[in-house]
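Working notes, beginning with the structure itself.
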Amino acid sequence: MGMREKIEAAAGRYPDRRSAIMPALLIAQKEHGHLPGPVLEEVADVLGVERIWVYELATFYTLFHTEPVGMFHLQLCDNVSCMLRGAEALLAHMEAVLGIGKGGTTSDGLFTLSTVECLGACEMAPVMQVGDDYHGDLDVARIDTLLDHLRRAGSGVPLAPRAGA
Amino acid sequence: MVRVTIDDHELEVEAGSTILQAAQSLGIEIPTFCYMKRLPPLASCRMCLVEIAGLRRLQPACATAVADGMAVRTNTPLIEETRSSMLDMLLANHPLDCPVCDKGGECELQDMVMAYGPRRSGFRDPKRVFHSHDIRLSPVIIMNVNRCIQCQRCVRMCEEVVGAVALGTVEKGMDTAVTGFEGSLASCDQCGNCVEVCPVGALMSFPYRYKARPWDLVETDTVCPHCGTGCQLTVGSRKGEFMRVRSKEEHGVNRETLCVRGRFGLDFVASRDRIRSPMIRRDGALAPISWDEAGAYLRRRLSEVGEKSAGGLVSPRLPNEVIYQFQKLMRTVFRTNSVDCSSRWVMPFDMLGPLARFYTRAPLQEVLGSDRVLVVGGNVTEENPVTEYLLRDSVRRRRVQLLILSARPSRLDADARAVLRVRPGAETVALAAVLAELTAAAGQVPGDHTSNGGSAASADDGRQRLAAALLDGKRATVFVSVDLLRSPQSRATLQQLDSLLQLLQALGKNPQMQFLFDRANQLGAWDMGALPMAFPGWRDVADSTARASLEQAWRAEVSAVPGADFGAMLDLCEQGRMGALYIVGSDPLASFPDRGLVQRGLGAADLLIVQDAYLTETAALADVVLPASGYGEETGTFTSNEGRVQKISKFREPPFEARNNLTIFDFVATLRDKVLQPSSPDEVFDEIARLVPAYQGLTRQELGPDGAFTKAAPVSPAAGGAVSPPPQDVGNGLVLVTGNGLFHNGYLSERSEILNTVADEPYVEMSSQDASRLGLIDGSPVVVRSARSELTAKLKVNRHFPEGLVFVPENYIALRLNALMRRGEYPCPVEIEPAHTSLTAAAAAGTRPLELDI
Amino acid sequence: MSERVLLRNVDVPDGHLISAYEAGGGYRALAKALREHTPDEIIELVKNSNLRGRGGAGFPTGMKWSFVPKQANKPKYLCCNADEGEPGTFKDRIIMERDPHQLIEGMAISAYAIGAETAYVYVRGEYVLAIRRLEQAIAEAHAKGYLGTRILGADFNFTVHVHCGAGAYICGEETAMLDSLEGKRAQPRLKPPFPAVAGLYASPTVINNVETLVCVPHIVSRGADWFRGIGPDKSPGPKLYCVSGQVRRPGLYELPMGIPLRELVDEHAGGALQGRKVKAVIPGGVSASVIPESGLDVRMDFDSLAAVGSMLGSAGVIVIDDTTCMVKVATRIVEFFHHESCGKCTPCREGLNWVFKVLRRIEAGQGAPDDIEQLQGLCKGIFGNTFCALGDGAAMGLRAALAHFEHEFTAHIEEHRCPFH
Ligand SMILES: Cc1cc2nc3c(=O)[nH]c(=O)nc-3n(C[C@H](O)[C@H](O)[C@H](O)COP(=O)(O)O)c2cc1C
Ligand code: SF4
Ligand code: FES
């Protein structure tokens, strides 16, 4: 299914096409990686809704990105439960290893590093979300393994089966 | 009704009222930011919190409905502390740059802090700064996000009142900011209502920026000259120079709103193409002379013309006093009934009488109180924007069912219950069909004809839904666009309308009707008798009682012979039978839908007198040009579409040698050895109030800030009964219609630098189907060709347009649109092709800049 | 340990598949409801069970359902609140990932009770696995006739759609969720009208939390008395507790409503980490006020916690030990609320920002003597005056932290540093 068909399918779930803006943006972001102006316009056109409505949502919700992000978006939770379990040290470690600050993207475009609010997985704090996956009970060693793994995946090196992912 | 106590005052209010409304009725002030009278409460600013006995928490007065027995306090120490705390929090991040803020001195936040605010703040951390520079959202709107207090008035105004949905809110929490799509408002209506409702200096008018401090301004309340809605506005000038326009929440049909023309289009008053001194044609060219010389010259030319027939055309943008006095001048001094006030259409006078019975001279709000509102013709969004705001409001908030029958789509279609899209020129047939449907349906069991809910309704469907809705309703209001008068079928169309109104009457729907005029004083012009068949008060020139009373009042003889309308005057000219043709404030060469005819006619009159503020194309053809005051330079009154007479005020002096219109009429009368009494605007108004029945009893003093309503004129009923429409062939090719665009409605707007900046360049609008069939590309130049001429402009594809419809706005002088038209043929059949195939012709016909031969 | 009801399937291998769910007796409650009860009887049953909403506010579920107008010419909607944004909370995720059919069955019965034919599950966008599992489960349930038209032969049609959130805590607030579902910026709505009367698309709408909905099948199959027999009568039932933070065995625990907090932390979750002592516990997600160690005997139910000035909230129990700086915890919590404020109302948007700036300064050792007074003043301006409960929760939490741990704040200000570093 192309982007338009997917958006149409999503719109079919609601009595009002405006409701489909959020699902459409998620679809568009999957397709384009992020949501620049022309993509927002296309979403508005497909749904036949006001452009400003699309723009409003694309900026209100944190999962939408109007600016490009790296291939792997490292989203470390640093809310209370993870903080109590050492998230700060992990952040410092990743900043050092990747050579970027919070919010930054590595020059090879591989990693963007962010901290996020509670991921709803505090039983395995500290937790980090990368793409669709949660990685819990993290410590420095596990982070290193994970980053290594991602780096190889990103540079096209075949993946060894992952433990605990 | 419920009984409530507010601060120990007991009162009864309607159930459902809010505490804020109840308090206001007692004169108790409760501070608000996010509250807007015309919209449902948002309750987000929390300034209006009050105490309700029995409730633990403070409640927002703006959003809390009163309940029987409720006891409210609005002034306890807790409330005072809370208000002060809200303001303290707002100020914590508000840049205190009041000295360089355009809003300084009229800022609600400043005032509120003064009244309720803390006297000191403990805040010492750095303030939030979004941007260090202000953002130019559009040519007329500029934003300082740092100052925004998030009341959302602007966004709600834009979406809910104006319907433009151009402004929005991005990000969340502390990062929340108001802006347009991708940070731009380049393609919004530019109405500036967002600027008007902004309580602080966040949204600002770019043209007014850094121009004045509010306390430097002399403010003058007056009425907008741009369309017949009759919006009130307040002009701010400084040292006699025009600075800005604002609207006032308390006054006028428009309250705090205006459209782009009213808010930003008044800078035409400083337009540079003013006529500086009287001019006469000498060796084929206009040459400036003094008033005295002009008098001598004109006296001679007038005596040469002698008793040969005369004719007069006066603009419906001029005040009642001017128009009244002009028709009196023509009738008594020139001894002719050939007076007209429209250069764009013919008003079939015999239909004026019957329709007058239904014309409801009452506030729009009241007329919109019907549960069914039918709009016939036109595009109210672009022609009467503020009327459109009220229509939208009545649909969205008062569950009025809106029905539309028109050729041109408009933004309001989206809010309509039924839209009957007709082919231009087929309005008459469509009205007849609705009438038939309604007659048939009325015979059936009521309630049997509910709408079938279909969305993309066919014409049949639309007609049925429309008729069914009218029949189901309790009361019906019909708005008639003057677009319909452009058609050679206008008489038949008005007959159908009359029959429809009569049927609605018979069905007990208590029909009301108003015209949607696109000229500020069109109704006034008719009332004042700028009509060849009617005296002031819509009275037939054949009516001997009316004539006798006027003759007595004017101490002059008045002809009983019907005069010529402007088209007929041109015929007289062509036939060499026109002595003096006197044109006041009108530019028929640019607007009459047959440019060739006007050109020939004006050239063939013995004597062409043009009295105007601006050097129009028509003035350039005159024998004598008399410089007159423009809008804002003389006082008077306008009568709006509602039938409301409102004062227009003077806020600047006429420049150069220009004189008041009334003074010039006196001057011309004396040249024919007549005296035209009285001659001050106030005295003329008094005479109108004496002699025009609908104005009887009005005094200028009593025209308060909201004006006064004229009365429906008692008119002789005409023969009723539905007449079948004449058979007509509208064909199925492309047909061109014209009208106003949002940014332009001619003459005045064309002279506004700001409107010219925001307006699109001239465009040709058509459906996507037609465009793709013809291989035309949106945004590229196309040639529109009629039997007469052609023009070139940018194509604008409109996916709401029906096939066959071509629209070109009438107000781009350089386009010479009226050169394509032929009298008696409207809509005008055209062909369209991409511009490159005939580049040379295009350059010759369309895009040549205006040159005056002076 | 008592019987696990809500979590009985979570450890079953492939428990998310319909086969496993059916094998464990799944969808029998739905069949029973459709065959043996009228919608009104189900509402009555749920009323009698005294089930109170598990999303945070503890509103009686049966009563909420009864507000839905019986005759309405508009469609009715059921919305499942699976936004689970409250820090410290993860119960809904585990149910959706490992036992999605339990939720679908709960929704089907609830929809039947209120007369809804359409439901939206608003799942936070981060929960990718939960979303996938739910969608798969919905497809399975359709295939088996538990969803769709004429369900199990009864005169009942019902469809469930998953709506993905996109990262905004405020979407958990029920009216903000409705705006979000309608494609608007998620901001709370004015009440009245209440959602039960005019909610989603201005139609009657019931919003319930995941855990609330999964209680329903069990009430139908085992009866209201069984449910009321667990825990305090006014706030009964099996309850999911999310334990996290500085504790030996963080995890999801199903235990009766009303067990003492101390028992939960010390016995079930194994108490403080090696060599440390519990200093304080946040009992119901960060919106709930912190309880110092001395208060841990409080029982975990709506009324008992409210009585001590805190709340059960989402039952996200966060354990804080004596190595941790309370100023830091308080600052992080305020940072969260400040970040997640939707921006609608003045006190929350502006006030929390101000509070955060002051706290950050104190934490960094740059506090001024009157800062605490200023914080108190700000809490006063915010508390009770915000549009929704987000701002309130933030102010209340900070007040509790100041009340119980003022000495830690003053130490920061006086020593110009964090005493824990
Ligand atoms: C700021 C805020 C956030 C909330 N977040 C959630 C949430 O994530 N999940 C939830 O179920 N309820 C949440 N709620 C409570 C909901 O508003 C609502 O009360 C609940 O979904 C009703 O369901 P229940 O009666 O089953 O508990 C939140 C409330 C507020 C004020
Ligand atoms: S308290 Fe106000 S700003 Fe904060 S989340 Fe609620 S409505 Fe939004
Ligand atoms: S005016 Fe009532 S909350 Fe803003």
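The values are calculated or read from the model by the stated rules, or taken from the named source; none is laboratory data. The structure displayed is predicted, hence computed values, not measured ones. Positions of Cβ are backbone-derived with ideal geometry, glycine not excepted, and every protein chain shown enters the neighbour counts. To get the accessible areas, we keep the full protein, side chains included, count just its heavy atoms, and leave off ligands, DNA and RNA. Shrake-Rupley method; radii C 1.70, N 1.55, O 1.52, S 1.80 Å.
If you go through the range B:664-673 one residue at a time, do you hit one that is within 28 Å of B:N818 (Cβ to Cβ), out of contact with any Asp or Glu (no Cβ under 9 Å at 6 or more places or on another chain) and modelled with pLDDT of 95 or more?
Going through the range B:664-673, the residues within 28 Å of B:N818 (Cβ to Cβ) turn out to be B:664.
Then keep just the ones that are out of contact with any Asp or Glu (no Cβ under 9 Å at 6 or more places or on another chain); that gives B:664.
In the following step, the residues that additionally are modelled with pLDDT of 95 or more were identified as B:664.
Within the range B:664-673 (the criterion being within 28 Å of B:N818 (Cβ to Cβ), out of contact with any Asp or Glu (no Cβ under 9 Å at 6 or more places or on another chain) and modelled with pLDDT of 95 or more), the answer is yes, since at least one residue qualifies.
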Inset, instruction - Can you tell me which residue within the range C:363-379, out of those that are closer than 16 Å to C:E415 by Cβ and part of a helix (DSSP H, G or I), is least open to solvent (accessible area, probe 1.4 Å)? - result: C:D371
Inset, instruction - Would you check which residues across the range C:356-382 are touching a residue at least 40 places away in the same chain (Cβ under 8 Å) and either among the polar types (S, T, N, Q) or within 10 Å of chain B (Cβ to nearest Cβ) (or both) and list them? - result: C:Q366, C:A368, C:D371
Legend entry - Subset of the range B:147-166 (residues that are within 23 Å of B:N93 (Cβ to Cβ) and at the interface with another protein chain (Cβ under 7 Å from one of its Cβ atoms)): B:Q150
Inset, instruction - For residues that are open to solvent by 10 Å² or more (accessible area, probe 1.4 Å), of a type outside the set (A, V, I, L, M, F, W, C) and in contact with a helix residue (DSSP H, G or I) (Cβ under 8 Å, 6 or more places away or on another chain), scanning just the range C:341-362, find the one that is nearest to ligand 1 (Cβ to nearest atom). - result: C:N353
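Could you say whether any residue in the range B:160-168 is under 25 Å from A:V49 (Cβ atoms) and surrounded by fewer than 18 Cβ atoms within 10 Å (Cβ to Cβ)?
Quick first cut of the range B:160-168, residues under 25 Å from A:V49 (Cβ atoms) only: B:160-168.
Those still in the list that are surrounded by fewer than 18 Cβ atoms within 10 Å (Cβ to Cβ) too: none.
Checking the range B:160-168: not a single residue is under 25 Å from A:V49 (Cβ atoms) and surrounded by fewer than 18 Cβ atoms within 10 Å (Cβ to Cβ).
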Legend entry - Any hit, the range C:118-132, residues being outside any loop (DSSP other than H, G, I, E, B), at the interface with chain A (Cβ under 10 Å from one of its Cβ atoms) and charged (D, E, K, R): yes
Inset, instruction - Have a look at C:A137, C:A72 and point out the one that is open to solvent by less than 10 Å² (accessible area, probe 1.4 Å) and touching a residue at least 60 places away in the same chain (Cβ under 8 Å). - result: C:A137
Inset, instruction - Check C:V210 against each of (1) more than 16 Å from ligand 2 (Cβ to nearest atom); (2) open to solvent by 10 Å² or more (accessible area, probe 1.4 Å) and name the one condition it does not meet. - result: (2)
Legend entry - So A:R17, is it facing chain C (nearest Cβ under 9 Å), open to solvent by 20 Å² or more (accessible area, probe 1.4 Å) and touching a His at 6+ places or on another chain (Cβ under 7 Å): no
Inset, instruction - Collect the residues in the range C:144-168 that are under 17 Å from C:C80 (Cβ atoms) and of a type in the set (F, W, Y), keeping them in residue-number order. - result: C:Y146, C:F158
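Which of the residues that make up the range B:323-348 are among the charged types (D, E, K, R) and surrounded by fewer than 24 Cβ atoms within 10 Å (Cβ to Cβ)? Lay out the reasoning, then the answer.
Of all residues in the range B:323-348, those among the charged types (D, E, K, R) come to B:328, B:331, B:335, B:340, B:344.
Of everything in the range B:323-348, those that are among the charged types (D, E, K, R) and surrounded by fewer than 24 Cβ atoms within 10 Å (Cβ to Cβ) turn out to be B:R335, B:R344.
What number of residues within the range B:65-99 are under 43 Å from the mean Cα position of the chain (by Cα) and within 14 Å of chain C (Cβ to nearest Cβ)?
Within the range B:65-99, the subset under 43 Å from the mean Cα position of the chain (by Cα) is B:65-67, B:74, B:83-84, B:86-99.
From what's left, within 14 Å of chain C (Cβ to nearest Cβ): B:65-67, B:83-84, B:86-95.
Count: 15.
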Inset, instruction - For C:A141, work out the one condition from (1) within 14 Å of another protein chain (Cβ to nearest Cβ); (2) over 30 Å from B:Q152 (Cβ atoms); (3) part of a helix (DSSP H, G or I) it doesn't fulfil. - result: (1)
Inset, instruction - Output the strands (runs of 3 or more DSSP E) that fall wholly within the range B:713-822 and possess 3 or more residues being of a type outside the set (S, T, Y), open to solvent by 50 Å² or more (accessible area, probe 1.4 Å) and at pLDDT below 95, or say none. - result: none
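Of the residues that make up the range B:66-75, is at least one part of a helix (DSSP H, G or I) and out of contact with any Leu (no Cβ under 7 Å at 6 or more places or on another chain)?
Of the range B:66-75, the ones part of a helix (DSSP H, G or I) are none.
Looking for residues that are part of a helix (DSSP H, G or I) and out of contact with any Leu (no Cβ under 7 Å at 6 or more places or on another chain), one finds none in the range B:66-75, hence no.
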Inset, instruction - Residues being within 16 Å of ligand 1 (Cβ to nearest atom) and part of a strand (DSSP E or B): count how many of those fall in the range B:48-65. - result: 0
Legend entry - Members of the range B:274-283 that are assigned to a loop (DSSP other than H, G, I, E, B) and open to solvent by 50 Å² or more (accessible area, probe 1.4 Å): B:R276, B:D283
Inset, instruction - Pairs only if they're at least six apart or on different chains, beta carbon under 7 angstrom, first in the range C:45-62 and within 20 Å of C:Y112 (Cα to Cα) and of a type in the set (G, A, S), second more than 7 Å from ligand 1 (Cβ to nearest atom) and assigned to a helix (DSSP H, G or I); list them, first residue then second. - result: C:S49/C:I219; C:S49/C:A224; C:S49/C:F227; C:S49/C:R228; C:G62/C:I43; C:G62/C:V46; C:G62/C:K47
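Check every one of the helices (runs of 4 or more DSSP H) wholly within the range B:589-692 and list those with 1 or more residues that are farther than 22 Å from B:K328 by Cβ and out of contact with any Lys or Arg (no Cβ under 9 Å at 6 or more places or on another chain). Explain how you work it out, then say what you get.
Details: elements: B:595-604, B:661-671, B:681-691.
Here the list reads B:595-604.
In the range C:144-153, which residue that is under 16 Å from C:E117 (Cβ atoms) and either assigned to a loop (DSSP other than H, G, I, E, B) or within 14 Å of chain A (Cβ to nearest Cβ) (or both) is nearest to ligand 3 (Cβ to nearest atom)?
First, the residues of the range C:144-153 that are under 16 Å from C:E117 (Cβ atoms): C:145-152.
Narrowing the set further to residues that are either assigned to a loop (DSSP other than H, G, I, E, B) or within 14 Å of chain A (Cβ to nearest Cβ) (or both) leaves C:145-147, C:149-150.
Working: C:G145: 50, C:Y146: 46, C:L147: 43, C:T149: 46, C:R150: 48 Å.
Checked the range C:144-153; the qualifying residue nearest to ligand 3 (Cβ to nearest atom) is C:L147.
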Inset, instruction - State all residues of the range C:259-290 that are closer than 16 Å to C:R249 by Cβ, not in a loop (DSSP other than H, G, I, E, B) and not charged (D, E, K, R); if no residue qualifies, say none. - result: C:L261, C:L264, C:V265, C:H268, C:V278, C:V281
Inset, instruction - Mind listing whichever residues of the range B:23-64 are more than 10 Å from ligand 3 (Cβ to nearest atom) and more than 14 Å from chain C (Cβ to nearest Cβ)? - result: B:A23, B:Q24, B:S25, B:L26, B:G27, B:I28, B:E29, B:K37, B:R38, B:A53, B:G54
Legend entry - Selection status of B:A407, over 25 Å from the mean Cα position of the chain (by Cα) and at pLDDT 80 or above: no
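Of all residues in the range B:16-33, count the ones that are in contact with a Lys or Arg (Cβ under 7 Å, 6 or more places away or on another chain) and either within 16 Å of ligand 2 (Cβ to nearest atom) or hydroxyl-bearing (S, T, Y) (or both).
Of the range B:16-33, the ones in contact with a Lys or Arg (Cβ under 7 Å, 6 or more places away or on another chain) are B:31.
Filter once more, so that each one left must be either within 16 Å of ligand 2 (Cβ to nearest atom) or hydroxyl-bearing (S, T, Y) (or both): none.
Number of matching residues: 0.
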Inset, instruction - Only residues in the range B:32-55 that are within 19 Å of C:C348 (Cα to Cα) and among the β-branched types (V, I, T) count as the first member; pair them with residues that are more than 12 Å from ligand 3 (Cβ to nearest atom) and open to solvent by 50 Å² or more (accessible area, probe 1.4 Å), Cβ under 8 angstrom, at least 6 apart or cross-chain, and list the lot. - result: B:V50/B:R73
Inset, instruction - Output yes when any residue across the range B:122-144 is assigned to a helix (DSSP H, G or I) and surrounded by fewer than 24 Cβ atoms within 10 Å (Cβ to Cβ), and no when none is. - result: no
Inset, instruction - Could you tell me whether any residue of the range B:150-157 is open to solvent by 40 Å² or more (accessible area, probe 1.4 Å) and not polar (S, T, N, Q)? - result: no
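Can you list the strands (runs of 3 or more DSSP E) found entirely within the range B:174-270 that contain at least 1 residues being free of Cβ contacts under 8 Å to residues at least 60 places away in the same chain, surrounded by fewer than 18 Cβ atoms within 10 Å (Cβ to Cβ) and among the small types (G, A, S)? Spell out the reasoning first.
On the way: elements: B:177-180, B:203-205, B:218-223, B:232-238, B:241-246.
In the range B:174-270, there are no strands (runs of 3 or more DSSP E) which contain 1 or more residues that are free of Cβ contacts under 8 Å to residues at least 60 places away in the same chain, surrounded by fewer than 18 Cβ atoms within 10 Å (Cβ to Cβ) and among the small types (G, A, S).
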